[in-house]
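Trainee: The structure is given below, and queries will be raised subsequently.
We did not get these values from a lab; they are worked out from the coordinates using the rules stated. Since the model is a prediction, treat every value here as computed from it, not as a measurement. Neighbour counts are summed over all protein chains in view; Cβ atoms, including those assigned to glycine, are modelled from backbone coordinates with ideal geometry.
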């Protein structure tokens, strides 16, 4: 665990289907600091995906936030305006859903796929995007960042 201030803080998150239905996430709390890797583990149907969707501001209409707080970089996600949520999704935070084959193109190198996202969210030229991507790939432990990009 790192000693820096958490980038993501989830505190007492409780989600329920409908206003009086089944509780699907019950009092979940965790934090993630920059550079830290966290896994959310549980049985099928235990609420892992709904908790992750809540972090991204993607709570389905049938699900209600009953209590709790989700802060990303100090900003409260649960009350964030849709325009602000769109601005941080992809630019500061992203999510690969349960089936990576629907999120990533297996015929494209990962570097090129990351470049597409950066082109949408960052005002960088091609060389700036390339350097940032190579740095990101190194930081997550990719042994051959150049090979993953070219």
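Trainee: May I ask you to compute the full-extension gain from residue 75 to residue 127, defined as 0.36 nm times their residue separation minus their alpha-carbon distance, rounded to one decimal in nm?
Mentor: 15.6 nm
Trainee: Based on DSSP, what percent of beta bridges with both residues in the chain are antiparallel, to the nearest 5?
Mentor: In the chain, DSSP labels about 95 percent of beta bridges as antiparallel.
Trainee: Calculate the spin-label point distance for residue 142 paired with residue 116, positioning each point 7 Å from the Cα along the beta-carbon direction, and give it in nanometres.
Mentor: For residue 116 paired with residue 142, the spin-label model returns 1.5 nm.
Trainee: If you take percent of Cα pairs over 22 Å apart from the coordinates, which of (i) 39; (ii) 50; (iii) 35 do you get?
Mentor: (ii)
Trainee: Another one. Report the dimensions of the stretch 1-62 along its three principal axes from the alpha-carbon atoms, largest first, rounded to Å.
Mentor: 40, 22, 17
Trainee: Helix 126-139: angle to the longest alpha-carbon principal axis of the chain, degrees 0 to 90, nearest 10?
Mentor: Computed tilt is about 60 degrees.
Trainee: Where Rh denotes the Kirkwood radius from the mean inverse Cα pair distance, what is Rg over Rh for the stretch 101-149?
Mentor: 0.96
Trainee: Do you know the relative contact order of the stretch 6-100, to the nearest whole percent, from alpha carbon pairs under 8 angstrom that are 6+ apart? Spell out each step's value before the answer.
Mentor: Values: 136 pairs, mean separation 32.0, N = 95.
It comes to 34 percent, rounded to a whole number.
Trainee: Helix-only mean residue ellipticity at 222 nm, the chain, DSSP H runs n ≥ 4 weighted -39,500 (n - 2.57), per residue, nearest 500. What is it?
Mentor: -9000 deg cm²/dmol
Trainee: Could you calculate the FRET efficiency of residue 96 with residue 66 from 1/(1 + (r/R0)^6), where r is the beta carbon distance between them and R0 is 35 Å, rounded to 0.05? Intermediate values should be presented prior to the final figure.
Mentor: Numbers: r = 27 Å, r/R0 = 0.77.
Here the calculated transfer efficiency is 0.80.
Trainee: Working out 0.36 nm times the residue gap between residue 107 and residue 23, then minus their Cα-Cα distance, what length gain in nm do you get to one decimal?
Mentor: Between residue 107 and residue 23, full extension yields 26.2 nm more.
Trainee: On to the next question. Which residue, 128, 90, 12, tops the fluctuation ranking in a GNM of the chain built on C-alpha contacts under 10 Å?
Mentor: 128
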